[in-house]
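The values are calculated or read from the model by the stated rules, or taken from the named source; none is laboratory data. Note that the structure is predicted; figures quoted are calculated from it, not measured. In this analysis, Cβ positions are derived from the backbone assuming ideal geometry, glycine residues included, and neighbour counts consider all displayed protein chains. Please note that ligands, DNA and RNA were not included when accessible areas were found on the heavy atoms of the full protein model with its side chains. Shrake-Rupley method; radii C 1.70, N 1.55, O 1.52, S 1.80 Å.
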Amino acid sequence: MTDTTVLRAARWVDVDAGLVRSPAVIVVAGEQVTAVNPAEPPAAAAEIDLGDLTLLPGLMDMEINLLIGGPENPTGLPSPLHGVTDDPVYRTLRATVNARTTLLAGFTTVRNLGLMVKTGGYLLDVDLARAIDQGWAAGPRIVAAGHAITPTGGHLDPTMFQRLAPHIMPLSVEEGIANGVSEVRAAVRYQIKHGASVIKISASGGVMSHSTAAGAQQYSDEELAAIVDEAHRAGIRVAAHAHGDAGIRACVRAGVDCIEHGSLASDDTIQMMVDHGTFLVPTSYLSEGLDISKAPPALRRKAAEVFPRARRTLGKAIAAGVRIACGTDAPAIPHGDNAKELWALVDRGMTPIQAIRAATVTAAELIGADDRGRLAPGLLADVIAVPGDPTRDITLLQDVRFVMKDGRVHKTPAPAAEPAAEPAVTA
């Protein structure tokens, strides 16, 4: 039995050239692409003919939390009490469902940025990543952050999403609550020791938590420098939740690799990000897709202030040339709706091919992966298919018909409906 497969389709997206080419003949052997439109496809190969579809590399979501949201509340954020009602086993089982949903939406690599829950110090996303890599569960490859690192009362302190009373859910440094230089160093070391491959921190207030104002800087310059020093010495990158201008600037000065959200960045700070090569994951579809109708009034007021400014800021960042990668903050929008973020990027000023690059080659650069993000020989066989031309209509990426990851098919087009039988004629 051959391990070589030939994928045929009407078209494929050349991400680097920004062109849709015809036809598409992609040769896959094992986990890798071995040829694109070869003169002679291998004779002894299985063939999958996808017809009038367009092939693209698997997409990537650079901010997601698979451990929350999903099956029991598919329309957005979980119950405010999930942090004290869901144990680690139940949470991990939920994550397997969310991982499969994400994969079938065409996203073959994700960054899971911070648990923000009490787990007793277990890094559930690290274990989920291992299970997926070993083939025990279907899902995207996961770059796992373990626990988000935040000061007491910071945005990513899980007790601030529910405003719990004292002593209801005590949290430790091992679960990411860290204050002062010595504790943040210990928190980073703990996450790395137990398998985190990226560090997520809280550098400013948030919109959907009862912490400080969304723009307020939460870690001091000294604490930020210590976090980055610990992570970078271990070869690990740092992602910072930061809405406010002061917090973003402090992160860039400290050497943080990526800003999540970046909603209130000034023009000078945007240029600073360009000069330092700092990535931005704007999670911009939140301003349309996040259901805040049941949020407390104070949080709705924050959203009404921040989201319109965030849309304008992203437009300026695109124009300035900030390196922007696609990320959704799911389940703030439902798992499986990830491709709507690409629509938001186009709405704010990107061309469709720029948005596709944000979810492929730029995302791959953000995580330091040179084995994915394109359809090219020697890269991982992560291939999706959609109808039509997504370089003209970015919303077509919301209709993924075929998904292959590591050369294994996870989703195929639904068969055409059989024509209705003629009614029998009776005498």
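Worth pointing out:
- Of all lysines in the structure, those lying under 21 Å Cα to Cα from LYS200, and not within fewer than 8 positions of it along the same chain, are LYS118.
- Separation of the alpha carbons by more than 26 angstrom is noted, of LYS340/LYS405; LYS294/LYS340; LYS316/LYS411, for LYS316/LYS411.
- Between GLY388, GLY235, GLY277, the GNM of the chain built on Cα springs shorter than 10 angstrom shows GLY235 fluctuating the most.
- Short-range pairs are left out: with C-alpha atoms under 8 Å and at least six residues apart, the relative contact order of the chain is 19 percent.
- Counted charge near TRP136, where neighbours are those whose Cβ lies closer than 11 Å (Asp, Glu -1; Lys, Arg +1): -1
- Once exposed loop GluC sites (Glu not before Pro) are cut out (DSSP; at most 16 other Cβ, 10 Å), longest piece of the chain: 73-427
- Percent carbon-and-sulfur accessible area, the chain, ignoring ligands, DNA and RNA, probe 1.4 Å: 53
- Counted charge near ALA231, where neighbours are those whose Cβ lies closer than 12 Å (Asp, Glu -1; Lys, Arg +1): +2
- Taking the charge dipole of the range 284-417 about its Cα centre, with +1 at Lys and Arg Cβ atoms and -1 at Asp and Glu Cβ atoms, the residue from GLY368, THR328, LEU286 reaching farthest to the positive side is LEU286.
- Normalised per residue, the accessible area of the chain is 41 Å², obtained with a 1.4 Å probe and no contribution from ligands, DNA or RNA.
- DSSP beta bridges fully contained in the chain are about 45 percent antiparallel.
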